[in-house]
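Below: the structure, in structure tokens.
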Amino acid sequence: MIIYSELEKRKIFRVLLWGILFRFIFMPFTTSTDLLWPYHRGYLWITGKLTPRGLNAFPDYVHGVFLLLLKPFLYPFFHSMWNIPWGPTHPHTPDEVGQMLSTFFTFVSQPGIFYILFFLKLPYLVFDLLCAWVIFKLIGEEGFRFWMWNPVIIFISAIYGRYESVVLFLLLLSFYYFKREQNILSLFYLSLSILFRLYPVILLPYFLKPLGRKSKKEYLGCLFLIIPLLYFIFNLRNKGGGLPHLDYLLAMNFFLGLHSTIYIFPLGYLLLLLHFLKFGRKEDLALYFALLHLWLFSTCYFHLQFFAWLIPFLTLTIAGSKYKEGVFYFSLLFYFLYTFQWGKVNSVYLFAPLNPLKVFYLPSLKELISPALFHKLMGLVRTALSACLLWLMYLLWREKNFNGLVWK
């Protein structure tokens, strides 16, 4: 157990206060369309107007519970803020995009919107701080600071308003209990994270490796994984077997001829997994996960909120290293430029609550330059982001060198 001096305790307390202040500055005044729809479906469920179904059902139920907990604080607006025309969550046509934006601007134009947004984001802040607490338990003050002042986490939770902090907290708990060799609890929290997001499935083989050395009763922990996996299989079947996010993992590829294609992300994923299965120890798991996420975001298309998945395991591996932290912060220049590819929706419209009418007519970078130039610019930005992440991947691999282990 680490014993901190009074000076160190005050330093940690200042990190906490400044981190919370950074979040409080943005929470009432910014939002995205992604904040509204899970809460709206949760509201329809708790008022008996809708039973959540499909891949988003579990997050919708959880947001319904959040609303019940927040009801005393949102009482003046609890029903009125949802009684507006609602457009589609994922628009595909220009008309549907117009309906979505109409819903969004009607919502942010309501009286008391600053108060409403603060409390709708409050559960995300709680889980954000819980993530920081787990990281502090794992690696101490340096990791705590890196998390609390991390621009990506602040952006996703406090500005964009997405529930990634809930998923990340469950993953960090799973990792925490894995490190303590409490495999049943580790798999339980991993299964909960899968109910929120399918993405943690790619981490599953790493968590299962130690079970081969344990008693048979610990295999019962695998039963926790059956429910979320069956849940996703059932919903994929009802959707006709399609899930666009899975296609992102296969987008970078080399066609060899006829039916032969090499997919770049799965290639790197399997190489890293084979290395872990041969040489990996539980002490190295954070490193393997950091390498895996760096490879994922270097080679795959992703929506801006997904980038938060990288931060927990990067925190556990680079916090305290000035050079590697510097490379990470430099990469954020390209990450935030990368977010401009979605035009106004995920850039200027984030500040719509401040003045909906004026913000609606503000131009985005996408409108200020020609489409051809914008396309090339975004390509260069994405290339630079991948270069930074691959460089971090190399630095981690070279420094650790997996304790000098070599193939035999």
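What follows draws every value from the coordinates through simple rules; no lab data is involved. No experiment lies behind these values; they were computed from the predicted model shown. Virtual Cβ from ideal backbone geometry, glycine too; neighbours counted across all protein chains shown.
Values for this structure:
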{"read-out": "Max mean-square fluctuation residue, GNM over the chain, Cα-Cα springs under 10 Å, options 360, 169, 58", "value": "360"}
{"read-out": "The range 1-61: trypsin sites (Lys or Arg not before Pro) falling in loop per DSSP and having at most 11 other Cβ within 10 Å", "value": "49, 53"}
{"read-out": "Potential extension, residue 274-residue 71 segment - 0.36 nm per residue separation minus Cα distance", "value": "68.2 nm"}
{"read-out": "Normalised contact order of the chain, rounded percent, pairs of Cα under 8 Å and 6 or more residues apart", "value": "17"}
{"read-out": "Within a Gaussian network of the chain (alpha carbon springs, distance under 10 Å), most fluctuating of 268, 320, 257", "value": "257"}
{"read-out": "Label-point separation, residue 394 to residue 369 (7 Å along Cα→Cβ), nm", "value": "2.6"}
{"read-out": "Cβ-derived FRET efficiency at R0 35 Å, residue 354 paired with residue 179, nearest 0.05", "value": "0.20"}
{"read-out": "Cα shape, the chain, gyration tensor, a/c 1.5 rule", "value": "rounded"}
{"read-out": "Helix-only [θ]222 nm of the chain, DSSP H runs n ≥ 4, -39500 (n - 2.57) each, per residue, nearest 500", "value": "-20500 deg cm²/dmol"}
{"read-out": "Where labels lie 7 Å past Cα in the beta-carbon direction, separation of residue 253 and residue 51 in nm", "value": "3.8"}
{"read-out": "Formal net charge of residues neighbouring residue 349 (Cβ-Cβ distance under 15 Å; K, R +1; D, E -1)", "value": "+2"}
{"read-out": "Extended-chain gain in nm, criterion 0.36 nm per residue less alpha-carbon gap, residue 378 and residue 322", "value": "17.3 nm"}
{"read-out": "Fewest-first sequence of 224, 313, 255 by Cβ atoms within 10 Å of each Cβ", "value": "255, 224, 313"}
{"read-out": "Kyte-Doolittle mean at least -1.0 and Cα axial length at least 30 Å: DSSP H helices in the chain", "value": "6-26, 113-139, 371-400"}
{"read-out": "Globularity index of the range 110-211, i.e. its alpha-carbon radius of gyration over 2.2 N^0.38 Å", "value": "1.19"}
